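Structure, as structure tokens:
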Amino acid sequence: MADVTPTGAFARKPSTFRDTFDVDGAHPPAKNRYVIHVSLACPWAHRVLIAIRLKGLEDVFDVRVTHPVWARTRPDLADDAHCGWRFVAPGETTSNPDGKGEFVADGACAATGANGATTVRALYDAVHAPKTQRYTVPLIWDVETGDIVNNESSDILREVNAKFNGFARRPEVDLYPEAFRARIDEVNAWIYEKINNGVYRCGFATSQEAYEEAVRALFDGLDECEHILSRSRYIAGDALTEADVRLFVTLIRFDEVYVVYFKTNKKLINQYEHLSGYVRELYQMPEFRETTNFKHIKEHYFASHPSLNPHAIVPVGPGVDLDAPHGRDGAYPR
């Protein structure tokens with residue numbers, strides 16, 4: 001909510017750490033050198049996890065998963081009210097920032113981050129991050145240099161895709177193929193603005209005008225995706241690319257969370273013929289399914305923001321059947 005403008009519109013701040021992985025650089029591609037801090041609830045981090053699985057890089061990075069529910073990151077400071085990502089050992093029970101609800105850390109959670117950090121904030125503080133930088137995930141930490149390499153998911157997605165092929169089990173997988181790059185960049189731009197970030201612009205708006213403007217843009221974007229997917233198997237053409245990864249992480253959260261929590265209730269994804277089949281097709285791929293954790297997703301959104309849901313009640317529905325036939329393997333007109 002700190003990123004809301006005076007007109008009530010949500011305006012996401014840019015990432016600060018944008019280093020790359022270059023053979024002759026400060027952070028060369030390497031195995032067992034980098035710790036990737038993620039939340040399974042966070043769509044931006046989810047992008048990176050899917051790419052790691054698609055490339056076969058699970059044994060290259062040390063992935064540390066936060067607890068899904070935010071808590072105070074400096075409880076030792078009475079006047080510091082910041083709440084954010086923290087690490088909780090599996091089996092421990094915690095509450096939301098106001099002490100409501102009981103949420104048990106499952107086996108996916110890590111007890112600590114790099115350097116024994118108990119919060120993501122501690123890693124930013126360790127490198128004296130600028131005060132304008134939010135304590136976000138994903139975050140890649142270099143254990144040899146002791147600093148943050150990158151915390152911008154779009155960068156990390158491409159770095160993982162291109163720079164670690166020497167360690168990948170599936171180096172032939174290319175999520176940003178040269179023949180598709182212009183189209184990928186084109187759809188990424190408006191999908192980010194209208195859909196990926198658009199759901200947040202709806203949910204965090206504090207004025208009716210800002211909310212309605214964001215909702216119009218969001219459903220314009222979804223309608224355009226529906227049209228494209230009526231004629232193309234994937235969002236940038238006939239091959240799976242990073243554009244699909246980036247779109248999927250928002251769509252898979254839409255009916256479960258955003259429709260209720262962010263008031264994007266004009267239409268469910270499950271009510272779109274082609275978008276719904278597209279989501280089912282991607283979800284039925286192991287790399288997408290096994291990185292999608294609805295428990296983390298729902299607990300995070302419904303319990304981390306007391307101003308939006310003070311009692312931390314997590315809805316039980318809607319329970320869409322994502323294993324139903326997707327119907328996406330036919331021929332598409334050009």
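The values are calculated or read from the model by the stated rules, or taken from the named source; none is laboratory data. Owing to the predicted nature of the structure, the values given are computational and were not obtained by experimental measurement. When we count neighbours, we look across all protein chains shown, and the Cβ atoms used for this are built from the backbone with ideal geometry, even at glycine.
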Of Tyr258, Tyr278, the only residue that is hydroxyl-bearing (Ser, Thr, Tyr) and more than 19 Å from Trp44 (Cβ to Cβ) is Tyr278
Restricting the stretch 91-125 to residues that are in contact with a Gly (Cβ under 8 Å, 6 or more places away or on another chain) and assigned to a helix (DSSP H, G or I), which is surrounded by the most Cβ atoms within 10 Å (Cβ to Cβ)?
-> Val120
Note on Ala117: of the conditions (1) modelled with pLDDT under 95; (2) under 15 Å from Phe87 (Cβ atoms), unmet is (1)
Subset of the stretch 32-59 that is assigned to a loop (DSSP other than H, G, I, E, B) and out of contact with any helix residue (DSSP H, G or I) (no Cβ under 8 Å at 6 or more places or on another chain) - its residue that is surrounded by the most Cβ atoms within 10 Å (Cβ to Cβ) = Arg33
Within the stretch 272-301, residues being crowded, with 19+ Cβ neighbours inside 10 Å, of a type in the set (Phe, Trp, Tyr) and either under 16 Å from the mean Cα position of the chain (by Cα) or assigned to a loop (DSSP other than H, G, I, E, B) (or both) number 3
Residues of the stretch 269-320 being under 28 Å from Asp223 (Cα atoms), of a type in the set (A, V, I, L, M, F, W, C) and in contact with an Asp or Glu (Cβ under 8 Å, 6 or more places away or on another chain), in sequence order, are Ile269, Leu275, Leu282, Phe294, Ile297, Val320
Being in contact with a Ser or Thr (Cβ under 7 Å, 6 or more places away or on another chain) and surrounded by fewer than 17 Cβ atoms within 10 Å (Cβ to Cβ) is the filter here, so list the residues in the stretch 196-241 that pass it.
-> Ser207, Asp238
Does Val23 qualify as being within 17 Å of Tyr124 (Cβ to Cβ) and either crowded, with 24+ Cβ neighbours inside 10 Å or more than 18 Å from the chain's Cα centre (by Cα) (or both)?
-> no
